[in-house]
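The values are calculated or read from the model by the stated rules, or taken from the named source; none is laboratory data. Here the structure is a predicted model, which is why all the values come from computation and not from measurement. Positions of Cβ are backbone-derived with ideal geometry, glycine not excepted, and every protein chain shown enters the neighbour counts.
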Amino acid sequence: MSGRGSRITDEEINELVSKLQSLLPESRRRNTGRVSASKLLKETCSYIKSLHREVDDLSDRLSGLMVTMDSNSPQAEIIRSLLRS
Amino acid sequence: MESKSSTTGNRDNPNRNLHGSKTMMASHFLRALFRIQQTSTSSSSAGRSRRIRRAAYASMAYSAGTRRAWSRALLRKLRSRARLRFPRRLSRAATPQRRDMDQAQVLRKLVPGGPSMDDCKLLEETADYIRFLTTQVRLMQTVMDSVSS
């Protein structure tokens, strides 16, 4: 356990834990009541890993779509309008 | 006015902070996508994918700015042109990790800048990092949807 930083109270830990819990998507929240810190951390790690994978996957797919785009295509126009707004 | 990062806790509505960042994120990412499209006509799909991925993490980091430890760590990595790697498999052994301490260590490897954070800071930074990550993912999905329709 890191010795750095200030001591925090149980209350602050609970607050942070419930904040984290509220960020996890519904499907991962198996208990509605208090969940053990260990379980929550595990779920959090698993969720972050899945988000990293999604970024990778979406990058691959966007890359594939780029070949079909040219500067005059309607898709490019959509993006341009998104940038303007 | 931005408060200094989080020793006293961020009393601002986190959603309000995120809103301005979303616009920055979108505009940064879309500009990067355009640049990538225009400059990579001959490169491989894998190379383009890497650049897009890098642009995704860059937009997250730039829109969060320097007020967060995770975004500062990401910005440092991006500027040093280091490879952006996040561990997927964290233990080679099959032993399940049961203690809180171990899970916190696992988390430290997933959140940029994690290793230098104490447990309290780690939780706060994790929450913020997750918010920005999910926003970035949704942004990419939106671009996907509008480009492929």
Test: B:ARG83 is modelled with pLDDT under 95 and more than 13 Å from chain A (Cβ to nearest Cβ) | yes
Please work out which one of (1) more than 7 Å from chain A (Cβ to nearest Cβ); (2) modelled with pLDDT of 85 or more is the condition B:SER149 fails and give its number.
-> (2)
